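Report on the following structure.
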Amino acid sequence: MLERLNVGGMAEIYYAKSFGAEGFEKIVAIKKILPHISEDMNFITMFIDEARIASRLQHSNVAQIYDFGEYGGEFFQVMEYIPGRDLKYIERTLWERDESLPLPAILYIIRQAAEGLDHAHSLTDSDGNPLNLVHRDVTPANILVSYEGRVKVIDFGIAKAKERSTKTQAGIVKGKFSYMTPEQLKGKELDGRSDIFSLGVVFWELLAKERLFYEPNDLDTLRKILDGNYPVPSQFNPDVPPAVEEVVMKALAFDRDERYQSCEEFAMELTRVSYEIGQRWNSTKLAAYIKQQFAKEYGEELQRRERYSHITADMLSSLPSMVDDAEEEEEIELLDDDDIIIEEEGEQLAPEDGSKRNTMSVAGEISQEHEYSLTAPSPISDEELSGGLELEEGAVEEEAPSGYYDSSGNWNPAAPSAGDQSQQY
């Protein structure tokens, strides 16, 4: 492991090199469960479930998991390294510039994400039986766009599948408020159409250049989702073509029987409308756009690549262990306003003693953000949204130190730039 890239609520991601015979080497990402929760069996089981599920997904639009193991009592995943940015960073950076993604880029990204999700939904076991896999956390932060124009769906950490070791009890939901679906909030059994709705929310926001389900009060956000009367994106962006608007609003149908019935159908409609309006991009065009719009970030990625290009297998024994260093660090997670973790009974994401969870900065700077856990005693209905929900505010601590190996192979304790730390992999 050469450099820590990102830390979340459950695990941390490292930039790493894998070595083999005859000088073979490959850049990979290593996802390691955080030290302070490494003894929590609920987290460990979720981490193992994620690896077990994601390792079966072999698709160009899903981030790959190459290996899973344990070292020094800690579990880790060896994952595909994707040099790029997540859609959340892309859209918000452009919005800050008073810009937005071009329409053909939006159509291409959403279509590619739909194709990746369709592969997940179609997954079967060794006997050909469907696994009924549902991602349950389709958000801009979980869609990566690489500098080569590739689109990848990531993070199946809370995915619902037939073979999960942890099960969701009736009346409990998981995900992020702003991308939840009506059936999630009602406590209904989920299928792939739930992911279609969430991807439709991402699609709508890219078109409208606005948040669809985001209110100052979290309960108002939930009420808005359950209301079912959603505005069309052209109300905020008149340049949205009617044909495109028709597609996104069908994906957002309140009644899931009225949505696209599969992500394959959704992707085919996106392809059709792209031809119909004469605006169709491919990975080459998307790559050129991303490299141009995010030239600084792309330059930092090239510098990282060069910084570690000389590292060989023979040098490993002389380099300090980042695993040992990380064990001594306090972890802090910085969450956005809508990054809400909703706990499941039997899969507690907070300590059982009721103590507060820490939060960590993933953008290289600390601000006073908050994390909440929400529990409901029964399936969430509109009546229950008016009361009976309990919010618990989290705590913020100092950011953990980090560093990297310089061109001579020496450890440099200086923290990487903010651009480095904010990358999502």
Take the residues of the range 84-138 that are in contact with a strand residue (DSSP E or B) (Cβ under 7 Å, 6 or more places away or on another chain) and basic (Lys, Arg): which is farthest from Ser55 (Cα to Cα)? Arg85
Any idea which of (1) modelled with pLDDT of 95 or more; (2) buried (at least 18 other Cβ atoms within 10 Å of the Cβ) is the one Leu94 doesn't satisfy? (2)
Checklist (1) buried (at least 18 other Cβ atoms within 10 Å of the Cβ); (2) in a loop (DSSP other than H, G, I, E, B) applied to Glu148, failing item: (1)
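Residue-wise test of (1) crowded, with 18+ Cβ neighbours inside 10 Å; (2) over 30 Å from Ala313 (Cβ atoms).
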site	(1), (2)
Glu12	yes, no
Ala16	yes, no
Ala21	no, no
Phe24	no, no
Ile30	yes, no
His36	no, yes
Thr45	no, yes
Asp49	yes, yes
Could you list all residues from the range 102-126 that are small (Gly, Ala, Ser) and within 16 Å of Ser194 (Cα to Cα)? Ala113, Ala114, Gly116, Ala120, Ser122
Of (1) touching a Lys or Arg at 6+ places or on another chain (Cβ under 8 Å); (2) surrounded by 12 or more Cβ atoms within 10 Å (Cβ to Cβ), Gln279 satisfies every one except (1)
Of the criteria (1) under 20 Å from Leu117 (Cβ atoms); (2) buried (at least 16 other Cβ atoms within 10 Å of the Cβ), which one Asn237 fails: (1)
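To keep it simple, each residue is scored yes or no on (1) modelled with pLDDT under 95; (2) out of contact with any Cys (no Cβ under 6 Å at 6 or more places or on another chain); (3) among the small types (Gly, Ala, Ser).
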| position | (1), (2), (3) |
| --- | --- |
| Asp155 | yes, yes, no |
| Gly171 | yes, yes, yes |
| Tyr179 | yes, yes, no |
| Leu199 | no, yes, no |
| Asn217 | yes, yes, no |
| Asp227 | yes, yes, no |
| Pro233 | no, yes, no |
| Phe236 | no, yes, no |
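I'd like to verify a number: residues in the range 206-234 that are part of a loop (DSSP other than H, G, I, E, B) and surrounded by fewer than 20 Cβ atoms within 10 Å (Cβ to Cβ), how many? Before you say what the answer is, go through the steps one by one.
First, the residues of the range 206-234 that are part of a loop (DSSP other than H, G, I, E, B): 209-217, 228-232.
Next cut, surrounded by fewer than 20 Cβ atoms within 10 Å (Cβ to Cβ) only: 209-211, 214-217, 228-232.
Of the residues in the range 206-234, 12 are part of a loop (DSSP other than H, G, I, E, B) and surrounded by fewer than 20 Cβ atoms within 10 Å (Cβ to Cβ).
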Selection within the range 235-250 - in a loop (DSSP other than H, G, I, E, B) and polar (S, T, N, Q): Asn237
The one condition in (1) exposed (fewer than 15 other Cβ atoms within 10 Å of the Cβ); (2) touching a helix residue (DSSP H, G or I) at 6+ places or on another chain (Cβ under 9 Å); (3) closer than 26 Å to Gly299 by Cβ that Leu5 fails to fulfil: (1)
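The values are calculated or read from the model by the stated rules, or taken from the named source; none is laboratory data. None of the values given here were measured: they were computed from a predicted structure. Virtual Cβ from ideal backbone geometry, glycine too; neighbours counted across all protein chains shown.
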